[in-house]
Amino acid sequence: MGMDVHGLNPIIRKKSTSEILEQDWTKLSEDDLGKYFEAKQQHEEDNPGIYFRNNVWWWRPLWDYVWTLCGECDEDDRFALAADRVITEEQYEEGHSNSGAQIGVHQAELIALRLNHAIKMGWVDDYKKQYEADTKDAEFQYPFDVENVQAFADFCHDSGGFEIC
């Protein structure tokens, strides 16, 4: 099982030159179908805001980290403002399922900003070390790494908002 995350209004930085993408893929021959999916994958790599995918093992710690940066707020901390939250608790919880949770364009941009800042400051590396120490003896260890966080930040930045399916 995986999480398919689709940009709602992605920035297209590089148009595809492949005419095969204009065809109905359900009517293509087996040879052309392979070409179609190769062209589609290349188009998505050239335009990171179109599509982001993680299997559930990678998605859960990533989405938890997004919550740490963009949603979690200690209610007893008088300096923690609800305005600091980018995503709601409901969006966070729905983001752990394939229910179609939607994150708006401004939320996606703020997630990207916070993730990129956390990477630049070394916080993601620190989180990874602590995460691995905390889950070392766990029966199932979900992976977490900086490259996945960066790929998601890039997606968020160019997505125009997104839907988690």
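The values are calculated or read from the model by the stated rules, or taken from the named source; none is laboratory data. Everything quoted here is computed from the prediction, not taken from an experiment. Methodologically, a virtual Cβ is constructed for each residue, glycine included, from the backbone with ideal geometry; neighbour enumeration extends over all protein chains shown. Heavy atoms of the whole protein, side chains included, go into the accessibility calculation; ligands, DNA and RNA do not. Shrake-Rupley method; radii C 1.70, N 1.55, O 1.52, S 1.80 Å.
Got a sec? Which of Gly95, Gly104, Gly71, Gly100 is surrounded by 17 or more Cβ atoms within 10 Å (Cβ to Cβ), under 17 Å from the mean Cα position of the chain (by Cα) and touching a residue at least 40 places away in the same chain (Cβ under 8 Å)?
None of the others qualify; the one that does is Gly95.
Taken over the stretch 143-157, the criterion of being assigned to a loop (DSSP other than H, G, I, E, B) and in contact (Cβ under 8 Å) with a residue 60 or more places away in the chain is satisfied by Pro143, Phe144.
Provide a single number: the residues in the stretch 107-119 that are within 14 Å of Asp145 (Cα to Cα) and surrounded by fewer than 18 Cβ atoms within 10 Å (Cβ to Cβ). Walk me through how you get there before you give the answer.
Taking the stretch 107-119 as the starting set, the residues that turn out to be within 14 Å of Asp145 (Cα to Cα) are 115-116, 118-119.
So of that shortlist, the ones also surrounded by fewer than 18 Cβ atoms within 10 Å (Cβ to Cβ) come out as 116, 119.
Final tally of qualifying residues: 2.
Checked against the criterion of being over 23 Å from Asn148 (Cβ atoms), within 17 Å of the chain's Cα centre (by Cα) and open to solvent by 50 Å² or more (accessible area, probe 1.4 Å), the candidates Asn55, Asn9 yield just one match: Asn9.
State which residue is farthest from Phe155 (Cα to Cα) when the search covers only the stretch 7-50 and only residues that are in a helix (DSSP H, G or I) and of a type in the set (S, T, N, Q). Quick ask: steps written out before the conclusion?
Taking the stretch 7-50 first, the residues in a helix (DSSP H, G or I) are 19-22, 25-27, 30-46.
With the extra rule that they be of a type in the set (S, T, N, Q), the set shrinks to 26, 41-42.
Numbers: Thr26: 27, Gln41: 14, Gln42: 15 Å.
Among them, the one singled out is Thr26.
Please indicate, with yes or no, whether at least one residue in the stretch 138-150 is more than 18 Å from the chain's Cα centre (by Cα) and more than 16 Å from Trp59 (Cα to Cα).
The answer is yes, given that some residue of the stretch 138-150 is more than 18 Å from the chain's Cα centre (by Cα) and more than 16 Å from Trp59 (Cα to Cα).
Among residues of the stretch 111-122 that are free of Cβ contacts under 8 Å to residues at least 12 places away in the same chain and farther than 10 Å from Cys156 by Cα, those with a beta-carbon under 9 Å from a residue that is assigned to a helix (DSSP H, G or I) and open to solvent by 10 Å² or more (accessible area, probe 1.4 Å) at least six positions away or on a different chain give the pairs His117/Leu69; His117/Trp123.
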